[in-house]
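Working notes for the structure below.
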Amino acid sequence: MSFGQGGPFGGPGGSTPDWDALADESATRSRRRRWLLIGGGALAALAVAAIVATAVITSGKDSKATALPAAPDLPKEPTAKPSFPDVSVPPPPDPRDYISDPAKDTAPLTPATLFPDENMIVGEHSYPRATASATTDCTAAAQGALGSLLAGNGCTQVLRATYAKDGVAVTVGVAVFPTPAKAAKVRDQTKPNLAPLVGGGVPAAFCQGTRCRTTTNATGRYAYFTISGYTDGKAVTESETLAQQIGRDGASYAFTRITQRGKDQAAKAAEEQLKSQS
């Protein structure tokens, strides 16, 4: 009696399994499992890559969204410019105008205003004032031809002051004229001499009948003179220096005082201008 071939384990009545068939079936299942694992890994890798890419894109979008906004373009020029009132400021007064024009030169003119200091100070030199005076008789303050020259050019006043120290003295004289041209003419044509002013410790021997030094100059409508020498009447020589120095200092002081007169009046006029504009 014979039996037909059954499954891998034989037929229902078989007793011995088919080992070759079982081995082939096991190998087939292993290959399928391996391909499934490989395929699943690839799919997982693709999924991770997609997630990373999505995260990168999303991160890029977020970084742009949170960035600071660009600064707006500013106009090249302001749309509105400040405006200021059109105020005309006059130039400051010129001090020389006030010592050149009688209409402006109206401040009091006396020995006290022209020679106010007790000491004539020029640089490092200082000389005490001995005496001072003023006269409207210009010829009385002059010697020789100077008197007629003063009167002929309209001199209205001569103011004098004498300063002395260490045996020498100087008389400073300032003559007032109606115009600068008249003062300049006297300067250019001067002939001896200013009369010395004595008193206050300066004896009558000062520059009386003896040789003394003289200077002449002008500024504005003022001519100014000096006569300097020894208080004891001694003649001044070419080589001596004391009388020469005090004479030069006297001329410098006269110029400074006349110029200061102009500055004071100009400053007062400027102050009045400011008050009128306020």
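The values are calculated or read from the model by the stated rules, or taken from the named source; none is laboratory data. Predicted model, so just to flag it, every value in this text is computed and none were measured. Cβ sites come from the backbone with ideal geometry, for glycine too, and all protein chains shown count toward neighbours. Areas reflect the complete protein model, heavy atoms only, side chains present, ligands, DNA and RNA absent. Shrake-Rupley method; radii C 1.70, N 1.55, O 1.52, S 1.80 Å.
What the table shows:
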{"read-out": "Residue within the stretch 206-218 that is within 28 Å of residue 154 (Cβ to Cβ) and in contact (Cβ under 8 Å) with a residue 40 or more places away in the chain present", "value": "no"}
{"read-out": "Qualifying position, being within 43 Å of the chain's Cα centre (by Cα), at pLDDT 95 or above and open to solvent by less than 20 Å² (accessible area, probe 1.4 Å), among 109, 146, 114", "value": "114"}
{"read-out": "Boolean, residue 241 is over 20 Å from residue 102 (Cβ atoms), of a type in the set (Val, Ile, Thr) and free of Cβ contacts under 8 Å to residues at least 40 places away in the same chain", "value": "yes"}
{"read-out": "Residues of the stretch 154-188 that turn out to be outside any strand (DSSP E or B), more than 18 Å from residue 249 (Cα to Cα) and open to solvent by 10 Å² or more (accessible area, probe 1.4 Å), as a count", "value": "12"}
{"read-out": "Any hit, the stretch 201-215, residues being part of a loop (DSSP other than H, G, I, E, B), over 45 Å from the mean Cα position of the chain (by Cα), at negative phi and aromatic (Phe, Trp, Tyr)", "value": "yes"}
{"read-out": "Single condition residue 196 does not satisfy, out of (1) open to solvent by 50 Å² or more (accessible area, probe 1.4 Å); (2) assigned to a loop (DSSP other than H, G, I, E, B); (3) closer than 15 Å to residue 168 by Cβ; (4) touching a residue at least 24 places away in the same chain (Cβ under 8 Å)", "value": "(1)"}
{"read-out": "Condition met for residue 248 (assigned to a helix (DSSP H, G or I), touching a helix residue (DSSP H, G or I) at 6+ places or on another chain (Cβ under 9 Å), open to solvent by 30 Å² or more (accessible area, probe 1.4 Å) and under 19 Å from residue 120 (Cα atoms))", "value": "no"}
